[in-house]
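Engineer: Below is a structure I'd like to ask you about.
The values are calculated or read from the model by the stated rules, or taken from the named source; none is laboratory data. Just so it is clear, the structure is predicted and the values come from calculations on it, not from any experiment. Using ideal geometry, Cβ is built from the backbone for each residue, glycine included, and neighbour counts are taken over all protein chains shown.
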Protein chains: 2
Amino acid sequence: MTTRVTDLFNIQVPIIQAGMVWVSGWKLASAVSNAGGLGIVGAGSMKSELLLEHLQKTSSATSHPFGVNIPLLRGDIGDLINVIISQNVKIVFTSAGHPGRHIEKFKNAGCVVVHVVANVKQALKAQEVGCDAVAAEGFEAGGHNGLEEITTLSLIPQIVDAVKIPVIAAGGIADGRTMLAAFALGAEAVQVGTRFAATIESSAHEIYKQKIVDAKDGDTILTYRNILPVRALKNPFMEQVQKEETQKGMTRERMMELHAKGRERKGIFEGNWEEGEMEMGQSSGLVHDIISAADVVNRMMNEFESARKKLSTM
Amino acid sequence: MTTRVTDLFNIQVPIIQAGMVWVSGWKLASAVSNAGGLGIVGAGSMKSELLLEHLQKTSSATSHPFGVNIPLLRGDIGDLINVIISQNVKIVFTSAGHPGRHIEKFKNAGCVVVHVVANVKQALKAQEVGCDAVAAEGFEAGGHNGLEEITTLSLIPQIVDAVKIPVIAAGGIADGRTMLAAFALGAEAVQVGTRFAATIESSAHEIYKQKIVDAKDGDTILTYRNILPVRALKNPFMEQVQKEETQKGMTRERMMELHAKGRERKGIFEGNWEEGEMEMGQSSGLVHDIISAADVVNRMMNEFESARKKLSTM
């Protein structure tokens, strides 16, 4: 199955693994790329030395294309960029910042650049500055999230209508049916987070992986919603944040006090249910087992094909 | 095209027009039914005398099946039920309340009963008490909305997996692509609100209809979110509510003060942009014209078929 996105990355199947803090190191990224999808090393929780190590290990573990995701707002962004270019990584996903900010360096190094967006305006901006594609992420996605709360179902067709570059759908995609829905909307690939977070190769804590498996449809909540929204599992810490937010409101300063104290590490990497932020999307309700990344890719493609067949003969 | 839902209602196409306050009277409902879909008279903004008049007029204007939507929490629910049964209306959509509350009366009168749900638990409950189908409505929908904020993309497959009765997808569906996405997720019909609100037969004010046409992807907001969430166009009144809510929190009493003062009537029926609540979904960004209800049905089916064809040959 080929689309403009599989051509762009030179991959076999239009499934991209999302860069996720404390989850997507070299093990997960190389496993996804070896299975024919696009694996992505998530630099969000890595300093430049650690990123270097992960990129080198990914290179050794796969001969297939892989990428890296970097939040543009990072203070040490220059160091991260130097590592990426020095390691000859050719696929870069940028998020959390102006897409034009460092694009020239990447383009000069021959990289394909994809920006993560959450509304039409950001998608148009990404196209204007020369991005090769956009990853459009809906409200149901885990982790950091757009302020306007536009869902994947609403977001994808509106962005597809607005831009000429290919659109990768993100948020809520965890099986073949949700993948097929994204394609029905005009997406040319899907970016999958939560489903890959609960794989054998995910570097997250086993307790966190099991919490994804156990989560039901209404078990995630969005907090810090007017500042820098974060979707995570409803747990004692997140419920406390939500209570404070709805009763008293939330300021950026107070958010920094609450969120920035290693909460993601605590929840995802240390498996601390009470005090951490266990970021995951609403699609956690569709995840029922911890399997290998290759099994995720193969199962999604099989489900996609059978759902597509069913749809075409209705 | 037949599904369990088209069989259940004896309709030609699996498109159901949502019951909408100040929008879906006899004109819209009969136009949708005459076009082969299922028109629904929305009783939410009608007292029993007015409902009687609208049901009689719908009966005169179409020989096709049509339905009625009633909020179960209404104080005068007994009067509304008497009118519905006396008029021999055979399709009833219930919302905002326990689905078992009045189901026996409807079942004894030979009605098909569909309950509107926003999570898996509610869907299971509706099935248990004997509903014939559920309409599962996601976070992107206009008007009243579920507390858990589950999006259509996440909600539909999880409900399809949980229940045996057919699932009607609602929220975010305004064209053939979004309809196709709902079917990819396992829905057997779609319920469409905002797209039908901007039709010639909609009883809403012209200013409101034009505001739907003008709305872009991020132009709706959800307010009263921890009490009784409402999605509407961002306007001076809703922005004031949102500001108060995020800075000071919101109580049920304060919501009643703000919301209950005829705000929906003001926004939708009187076209008051400054002071009303102009309820609409995120799919307003996909609505670009005011056309007839029949044109909506025909266009959606044409788009659905061409999107399905494209998907099957990818």
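Engineer: Condition first: within 13 Å of chain B (Cβ to nearest Cβ), within 28 Å of residue A:97 (Cα to Cα) and modelled with pLDDT of 95 or more. Can you find one or more residues in the range A:243-263 that meet it?
Structural biologist: No.
Engineer: Given the options A:270, A:257, A:279, A:274, name the one that is buried (at least 18 other Cβ atoms within 10 Å of the Cβ), more than 30 Å from residue B:314 (Cβ to Cβ) and either among the charged types (D, E, K, R) or out of contact with any strand residue (DSSP E or B) (no Cβ under 7 Å at 6 or more places or on another chain) (or both).
Structural biologist: A:279
Engineer: Could you list all residues from the range B:1-41 that are part of a loop (DSSP other than H, G, I, E, B), within 18 Å of the chain's Cα centre (by Cα) and hydroxyl-bearing (Ser, Thr, Tyr)?
Structural biologist: Of everything in the range B:1-41, just one residue is part of a loop (DSSP other than H, G, I, E, B), within 18 Å of the chain's Cα centre (by Cα) and hydroxyl-bearing (Ser, Thr, Tyr), namely B:24.
Engineer: Going by the structure shown, is residue A:100 of a type outside the set (D, E, K, R), within 14 Å of chain B (Cβ to nearest Cβ) and in contact with a helix residue (DSSP H, G or I) (Cβ under 8 Å, 6 or more places away or on another chain)?
Structural biologist: Considered against the rule, which asks whether it is of a type outside the set (D, E, K, R), within 14 Å of chain B (Cβ to nearest Cβ) and in contact with a helix residue (DSSP H, G or I) (Cβ under 8 Å, 6 or more places away or on another chain), residue A:100 comes out as no.
Engineer: Any residue in the range B:297-313 that's more than 13 Å from residue A:186 (Cα to Cα): show its pairings with residues that are among the acidic types (Asp, Glu) at Cβ separation under 7 Å, as long as the two are six or more apart or on different chains.
Structural biologist: B:300/B:175
Engineer: All but one of (1) touching a Lys or Arg at 6+ places or on another chain (Cβ under 6 Å); (2) within 14 Å of chain A (Cβ to nearest Cβ) hold for residue B:198; state the number of the condition that does not hold.
Structural biologist: (2)
Yes/no matrix, rows are residues, columns are (1) small (Gly, Ala, Ser); (2) away from chain A (no Cβ under 14 Å):
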{"site": "B:205", "(1), (2)": "no, yes"}
{"site": "B:215", "(1), (2)": "yes, no"}
{"site": "B:220", "(1), (2)": "no, no"}
{"site": "B:227", "(1), (2)": "no, no"}
{"site": "B:277", "(1), (2)": "no, yes"}
{"site": "B:286", "(1), (2)": "no, no"}
{"site": "B:291", "(1), (2)": "no, yes"}
{"site": "B:308", "(1), (2)": "no, no"}
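Rundown of residues vs (1) closer than 26 Å to residue A:69 by Cα; (2) surrounded by fewer than 15 Cβ atoms within 10 Å (Cβ to Cβ); (3) over 17 Å from the mean Cα position of the chain (by Cα), yes/no style:
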position	(1), (2), (3)
A:195	yes, no, no
A:214	no, yes, yes
A:219	no, no, yes
A:242	no, no, yes
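Engineer: Could you tell me which residue of the range B:148-158 is farthest from residue A:148 (Cα to Cα), considering only residues that are at the interface with chain A (Cβ under 8 Å from one of its Cβ atoms) and among the hydrophobic types (A, V, I, L, M, F, W, C)?
Structural biologist: Once the filter is applied, the top-ranked residue is B:155.
Engineer: Further question on the same structure: Mind listing just one residue for me: the one in the range B:161-177 that is buried (at least 24 other Cβ atoms within 10 Å of the Cβ) and not in a helix (DSSP H, G or I) and, of those, farthest from the other protein chains (Cβ to nearest Cβ)?
Structural biologist: Out of the qualifying residues, it is B:168.
Engineer: Name every residue in the range A:78-101 that is at pLDDT below 95 and of a type outside the set (Gly, Ala, Ser), in order of residue number.
Structural biologist: A:98, A:99, A:101
Engineer: Using the structure shown, decide if residue B:181 is away from chain A (no Cβ under 14 Å), free of Cβ contacts under 8 Å to residues at least 60 places away in the same chain and among the hydrophobic types (A, V, I, L, M, F, W, C).
Structural biologist: No, not satisfied.
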